[in-house]
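One structure below.
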Amino acid sequence: MYGIIDIGSNTMRLNIYKYENQSLYLMLSKKLTAGLASYVEDGSLSDKGIKKAISCLEEFKLILENVPVDNLYVFATASLRNIKNSDEATKQIEDETGFSIEIITGEQEALLDFYSAGIKFDLNTGLLLDIGGGSTEIVLYDDSKVKDALSLEYGSLSLYKKYIDGIFPSDNELEKIREKISKSLKKVPKDNFPHNTKSICAVGGTARAVLKLVNEMKDENKFEFEVSDLKKILKLYKKDNNKFLQLVVKTAPDRVHTILPGMTILDTIAKFFDSKTILVSDYGIREGYLLKSLHSEVKNV
């Protein structure tokens, strides 16, 4: 049994897996909505944010006392990476909890996303996307090899905090988010565009939440959806707030405040690459990180 703790900008999660025959089997999953990105003040994680992270980790520690694991891996992404006091905050959290935390770089995060999605899908040429709470990872790949990987320093929660005053955004606030995304996408090197970006392989909580919305709206149970379906949901929000809210509460209630910024990121990137279909992987950075770690351990035996 192996445990992994993912300290994200929006949620923190403990997953416990069984590893047999080169495959992972999820045995237990505990998710806590910490919203660490909302505790960032003047670029630094506040004392309240640090205490929130510690509180969540202490809750995970209680579970681990009753469900022993052979090895435990703890990592953080943009939650502790994209803050001015990264070293100080990480050390305080480690001292209080006894956990050793690895900070994953944006490029590492993107590559691990690609590795994990490749376990489930045949990734030959195209675009992979991971919209997190505090960052967005983009991987361009061709001939089953990564051509470029970059991390944009914003995600669904950080954009919500920066641009949205209420629970739901106004048209003007959504437009500001689109402008921010479009400006950032100018960093993407066009020389490295893969041959075909008609389909996006998406990992992470935002993509899975949007898939739930689409499946509920269309009464389906698929692992992919059309970009046109995404646009229909965005239009539904503008046309009927109450109906949109009912849909979100029914399918992804923990993402009520971040789903629209996340969908806007996804829609803007899809438009930029002229993508038509979103393929959603249920494997993500946690599985990629664990399998890479386990394979490294096996090689070193």
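Structure summary
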item	result
Those residues of region 236-257 which are β-branched (Val, Ile, Thr) and either closer than 23 Å to Lys222 by Cβ or free of Cβ contacts under 8 Å to residues at least 12 places away in the same chain (or both), in sequence order	Val248, Val249, Thr251
Filtered residue count, region 49-63, keeping only those that are open to solvent by less than 30 Å² (accessible area, probe 1.4 Å) and out of contact with any Asp or Glu (no Cβ under 7 Å at 6 or more places or on another chain)	6
Selection from region 66-91 of residues that are among the hydrophobic types (A, V, I, L, M, F, W, C), surrounded by fewer than 19 Cβ atoms within 10 Å (Cβ to Cβ) and either touching a helix residue (DSSP H, G or I) at 6+ places or on another chain (Cβ under 6 Å) or not in a loop (DSSP other than H, G, I, E, B) (or both)	Leu72
Whichever residue in region 131-150 is open to solvent by 20 Å² or more (accessible area, probe 1.4 Å) and of a type in the set (D, E, K, R) and, among such residues, is farthest from Asn82 (Cα to Cα)	Asp143
Selection count, region 26-44, where residues are touching a strand residue (DSSP E or B) at 6+ places or on another chain (Cβ under 7 Å) and assigned to a strand (DSSP E or B)	8
Residue check for Asp122: buried (at least 22 other Cβ atoms within 10 Å of the Cβ) and not in a strand (DSSP E or B)	no
Residue selected from region 270-301 under the condition open to solvent by less than 20 Å² (accessible area, probe 1.4 Å) and part of a loop (DSSP other than H, G, I, E, B), by the criterion modelled with the highest pLDDT	Ser275
Residue under evaluation Leu128, criteria (1) in contact with a strand residue (DSSP E or B) (Cβ under 6 Å, 6 or more places away or on another chain); (2) open to solvent by 40 Å² or more (accessible area, probe 1.4 Å), criterion not met	(2)
Number of the condition not met by Arg13 [criteria: (1) over 19 Å from Thr97 (Cα atoms); (2) in contact with an Asp or Glu (Cβ under 6 Å, 6 or more places away or on another chain)]	(1)
Residue in region 193-215 that is modelled with the highest pLDDT, counting only those that are open to solvent by less than 70 Å² (accessible area, probe 1.4 Å), in a helix (DSSP H, G or I) and in contact with a Ser or Thr (Cβ under 6 Å, 6 or more places away or on another chain)	Leu213
Any hit, region 57-73, residues being in contact with a Ser or Thr (Cβ under 8 Å, 6 or more places away or on another chain), within 23 Å of Leu150 (Cα to Cα) and touching a residue at least 40 places away in the same chain (Cβ under 8 Å)	no
Boolean, Leu129 is in contact (Cβ under 8 Å) with a residue 60 or more places away in the chain, under 16 Å from Pro189 (Cα atoms) and under 14 Å from the mean Cα position of the chain (by Cα)	yes
Some residue of region 105-118 being in contact (Cβ under 8 Å) with a residue 24 or more places away in the chain, β-branched (Val, Ile, Thr) and either buried (at least 22 other Cβ atoms within 10 Å of the Cβ) or in a helix (DSSP H, G or I) (or both)	no
Asp219 being open to solvent by 70 Å² or more (accessible area, probe 1.4 Å), out of contact with any Cys (no Cβ under 8 Å at 6 or more places or on another chain) and modelled with pLDDT under 90	no
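The values are calculated or read from the model by the stated rules, or taken from the named source; none is laboratory data. In this text, all values refer to a predicted model and were calculated from it rather than measured experimentally. When we count neighbours, we look across all protein chains shown, and the Cβ atoms used for this are built from the backbone with ideal geometry, even at glycine. Only protein heavy atoms, including side chains, enter the accessible area calculation; ligands, DNA and RNA are left aside. Shrake-Rupley method; radii C 1.70, N 1.55, O 1.52, S 1.80 Å.
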